[in-house]
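Worksheet: the structure to be examined is printed underneath.
Rule-based calculations on the coordinates, nothing more; no lab input. Just so you know, these numbers come straight off a predicted model, no measurement behind them. Note that each Cβ is placed from the backbone with ideal geometry, even for glycine, and that neighbours are counted across all protein chains shown.
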Amino acid sequence: MGERRCVPRWTVSKEAQLQVGDHPNFIPCVVEDISTKGMRISLRRDLFPEVFSDASLVLGDALTFDVGAHVAWQEKSEGKNTYGLIFSKADEVQRKKVEQYINANFSEQEREQLNKQWWRDV
């Protein structure tokens, strides 16, 4: 099946913390990739897809934002749960935070190269 995303995702592969609702405890996870439209995260816990509709993400000191997403797909493998999330509640402010993170962590050359590769086969 071909790629259907209209916005490229940036490979991050960094540890993060997920907070569900008002629960005081954070769930360790890894942000595998991210864009202004969604992200792929993996964690050791198996969560109900509904929890992502009211969640926040802390990615180091660089990014904290309200995820507010729905699960597009889920995969379980080797004790790891991976979720493909599409942001559903992220407003322009939240999307701008993600965009600023991408701009701060990827050079202009890397961004141009990804865009060239991204659109080549579309």
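For the stretch 10-120, the relative contact order works out to 22 percent when only alpha carbon pairs closer than 8 Å and six or more residues apart are counted.
Each of Asp61 and Gln100 was given a label point 7 Å from its Cα along the Cα-to-Cβ line. The distance between the two points is 1.5 nm. Solvent-free Debye calculation, one equal scatterer per alpha-carbon of the stretch 10-120: log10 I(q)/I(0) at 0.10 Å⁻¹ equals -0.28. Note on Asp54 and Ser13: the model spin-label points, each 7 Å out from Cα along the C-beta direction, lie 3.6 nm apart.
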